[in-house]
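Accompanying notes for the structure given below.
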């Protein structure tokens, strides 16, 4: 189960990175610093359909991000539930423990008693 969680965590990191890149590449309403982030190169690549391509990519990556995140959540809940069940089991004892009687201790003389010479 840990291997599956690790693989999906890696995929989630890649999807997150791609989602950030695609969102930054979209054209803003004001053409300011967005041209430095690559929107002009996207227009030359996809032509007039740039906004549709980037919108579809953003939508698909966002859906994939939430599906993988929810799947990882369920995997962690499943793993925690089964770990609690394993930890709740009592250990088996093969032999009963033996008890020993403590030795009777002799009382020590108290300092208030006079000593006989």
Part of a helix (DSSP H, G or I) and modelled with pLDDT under 90: which single residue out of 116, 52 fits that description?
52
From the residues in region 79-97 that are in a helix (DSSP H, G or I) and at pLDDT below 70, which one is nearest to the chain's Cα centre (by Cα)?
84
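The values are calculated or read from the model by the stated rules, or taken from the named source; none is laboratory data. The structure displayed is predicted, hence computed values, not measured ones.
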